[in-house]
Amino acid sequence: MSSDPLDTLAPTGEIVLDYDRRHLLTYAELLDAEKDGIAWQDGALDILGIDPVTDATRARTCWDSHLARARWITGAGLRSAIAAFGEQARAASHRRP
């Protein structure tokens with residue numbers, strides 16, 4: 001789980017945002033959980049840090065939207081993601097002393 005708080009809804013659209021970069025590990029964990037057949041309720045608690053019993057609607061919405069974003073980034077959005085993450089890596093390397 002990322003230390004950066006999750007929005008209930010992941011970004012949409014065809015532009016990779018800084019939010020996506022900050023939550024890339026979360027996206028990977030969601031994809032792994034899906035591949036491993038982990039129930040969304042368990043994943044919401046363990047990965048997203050949202051209790052599906054006390055906050056079921058937010059947990060499910062957050063799970064679904066972030067999983068959809070993860071699928072997009074690793075599918076149709078991959079070229080955009082590589083370009084965006086590469087751009088950020090190049091910018092960071094220029095800031096080092």
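A short reminder: the numbers here are calculations on the coordinates, not readings from a lab. Here the structure is a predicted model, which means the values were calculated and not measured. Glycine gets a Cβ as well: all are built from the backbone with ideal geometry, and neighbour counts include every protein chain shown.
Observations
- The label point for Thr57 and the one for Leu45, both projected 7 Å from the Cα toward the Cβ, are 2.2 nm apart.
- The stretch between Leu9 and Lys35, if pulled fully straight at 0.36 nm per residue, gains 7.2 nm over its current Cα-Cα span.
- Once the chain from Ala28 to Arg71 is taken as fully extended at 0.36 nm per residue, the excess over their C-alpha distance is 14.5 nm.
- Orientation-averaged projected area, Cα convex hull of the stretch 18-95 (nm²): 5.6
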